[in-house]
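Peer 1: Below are the C-alpha cells for one structure; questions will follow.
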Amino acid sequence: MDSKFKVDVPQGPKAKIMLWTDFSYHDMEQIDTTLSIPDLESALCNVLDVDRLEPKKGVLLELYVHTVLFCRQRSFIREQTSALLSIIKSVHEANIATPLNNIEQSFKYCKELLLCHSVRRPPFSINLFSPDEASCVLKYIYENYVRHYKLYKYIFVPQVKLDLLLNYSVSPNQDEPAVEDFSSVDVENVLEPETGQNTDSSPKIQEANTKDAAFGSKLGLKILIKKEIREQMALVSEKLDQRMKEMAIQHKSAPHSPEPNNKGKK
C-alpha cells in the first residue's frame with residue numbers, strides 16, 4: 001500500500017486580455033440601459049444564461065451586480081466594465097478549481113490580469129485602466145471577493161472524501177489462506193504441542209496431527225494479516241494527522257489579509 005499522500009495546488013491560469021471575452025458590446029449596451037436592480041439582474045441573467053433562483057448562481061449574480069454598480073460609480077466606460085466583469089469571473093473560476101488553499105495564487109493571478117489591462121504592450125496587454133483606476137479596481141476585488149474567498153470556496157467546491165483501500169501481498173512460497181471463519185476461535189487457547197510428547201504412529205493420529213498443524217498455520221496467517229492491517233492503518237492515520245497539521249501551520253503562517261499594491265505601475 002502506498003502511504004505517500006501529496007496533493008499539489010494547481011497553478012493559476014495564464015493571464016490574458018479579457019476585453020469582450022464574456023460580455024460583448026451588445027451585452028454592455030443592454031446592461032447600460034437598465035436602471036433598477038431587478039432589471040440589472042435580469043439583464044445579467046440573460047447574458048450569463050443563469051437562473052437567479054438557483055442558490056449558487058444567485059451568489060455570483062449578486063457579485064456581478066455590485067461590480068456593475070461599482071463601475072457606474074467610477075464612471076467606467078463599457079470596455080472597462082466588460083473587462084472587469086470577466087476578470088472577476090476568471091478569478092472566481094481559478095479560486096474554485098481546487099479545494100485547497102490557493103488564495104495566494106488567485107490573488108497573484110488577479111494582479112496579473114489587471115496588469116494585462118493597464119499597460120500598453122500589444123498584443124500582450126492594453127492600457128484600458130489607468131494606474132489609479134487599476135489600484136482602485138484591485139482594492140475593490142480584494143474587499144469584495146478575496147476577503148471572502150473561503151465562503152465562495154465552501155459554496156462552489158465539492159467536499160473531498162478519502163477512499164482508503166488496503167492491499168496485502170502473499171509470499172510466492174505461501175499459499176493463500178482458505179476463506180474460513182476463525183472469529184470464534186480463542187487465539188490464546190491455541191497451544192503448541194509440548195516438547196517430548198509421545199507420538200503415535202497410527203495413521204489416524206498422524207492425520208489428526210496434520211489437520212491440527214494446517215489449522216494452526218491458517219490461524220497464524222490470519223493473525224499476521226490482522227496485525228499487518230492494524231500497522232498499516234496506524235501508519236496511514238499518522239500520515240494524515242501530520243498532513244493536517246502541516247496544512248494548518250501553512251494556513252496560519254499565510255497572510256490572511258494580503259495588502260493590495262496601491263502603487264501604480266508607470
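The values are calculated or read from the model by the stated rules, or taken from the named source; none is laboratory data. This is a predicted model, so every value here is computed, not measured. Reconstructed Cβ throughout: ideal geometry from the backbone, glycine too, with neighbour counts over all protein chains shown. SASA here: full protein model, heavy atoms, side chains in, ligands and nucleic acids out. Shrake-Rupley method; radii C 1.70, N 1.55, O 1.52, S 1.80 Å.
Peer 1: How about the stretch 25-47: which of its residues are β-branched (Val, Ile, Thr) and in a helix (DSSP H, G or I)?
Peer 2: If we filter the stretch 25-47 for residues that are β-branched (Val, Ile, Thr), which is where we start, we get 31, 33-34, 37, 47.
Within the stretch 25-47, ILE31, ILE37, VAL47 meet the criteria.
Peer 1: Another question, if that's okay. Which of the residues belonging to the stretch 60-76 are surrounded by 15 or more Cβ atoms within 10 Å (Cβ to Cβ) and within 26 Å of the chain's Cα centre (by Cα)?
Peer 2: Residues satisfying the conditions are LEU60, LEU61, LEU63, TYR64.
Peer 1: Next question. Inside the stretch 1-55, can you point out the residues that are β-branched (Val, Ile, Thr), modelled with pLDDT under 75 and surrounded by 12 or more Cβ atoms within 10 Å (Cβ to Cβ)?
Peer 2: Within the stretch 1-55, the subset β-branched (Val, Ile, Thr) is 7, 9, 17, 21, 31, 33-34, 37, 47, 50.
Right, trim to modelled with pLDDT under 75 and you get 7, 9.
VAL9, the sole residue that qualifies.
Peer 1: Mind listing just one residue for me: the one in the stretch 48-71 that is in a loop (DSSP other than H, G, I, E, B) and out of contact with any helix residue (DSSP H, G or I) (no Cβ under 7 Å at 6 or more places or on another chain) and, of those, nearest to PHE23 (Cα to Cα)?
Peer 2: The qualifying residue nearest to PHE23 (Cα to Cα) is ASP49.
Peer 1: Can you list residue pairs whose Cβ atoms sit under 6 Å apart, with the first residue in the stretch 121-146 being under 16 Å from GLN73 (Cβ atoms) and open to solvent by 10 Å² or more (accessible area, probe 1.4 Å) and the second being modelled with pLDDT of 95 or more and not acidic (Asp, Glu)? Count only pairs 6 or more apart in sequence or on different chains.
Peer 2: That search, which allows pairs on different chains as well, returns TYR140/PHE70.
Peer 1: Which of the residues that make up the stretch 77-90 are surrounded by 20 or more Cβ atoms within 10 Å (Cβ to Cβ) and over 15 Å from ASP27 (Cα atoms)?
Peer 2: ILE87, ILE88, SER90, listed by residue number.
Peer 1: Got a sec? Which of PHE129, PHE76 is among the aromatic types (Phe, Trp, Tyr), part of a loop (DSSP other than H, G, I, E, B) and touching a strand residue (DSSP E or B) at 6+ places or on another chain (Cβ under 7 Å)?
Peer 2: Numbers: PHE76 fails: touching a strand residue (DSSP E or B) at 6+ places or on another chain (Cβ under 7 Å).
When all the criteria are applied, what remains is PHE129.
Peer 1: Which condition number in (1) within 17 Å of LEU151 (Cβ to Cβ); (2) touching a helix residue (DSSP H, G or I) at 6+ places or on another chain (Cβ under 9 Å) is the one that GLU93 fails?
Peer 2: Every condition holds for GLU93 apart from (2).
Peer 1: For the stretch 91-117, which residues satisfy the criterion of being aliphatic (A, V, I, L, M) and either open to solvent by 40 Å² or more (accessible area, probe 1.4 Å) or without any contact (Cβ under 8 Å) to a residue 12 or more places away in the chain (or both)?
Peer 2: Narrowing the stretch 91-117 to residues aliphatic (A, V, I, L, M): 91, 94, 96-97, 100, 103, 113-115.
Within the stretch 91-117, ILE96, ALA97, LEU115 meet the criteria.
Peer 1: Still on this model: Report whether or not LEU85 is free of Cβ contacts under 8 Å to residues at least 24 places away in the same chain and in contact with an Asp or Glu (Cβ under 7 Å, 6 or more places away or on another chain). Write out each step before concluding.
Peer 2: Values: free of Cβ contacts under 8 Å to residues at least 24 places away in the same chain: no; in contact with an Asp or Glu (Cβ under 7 Å, 6 or more places away or on another chain): yes.
No.
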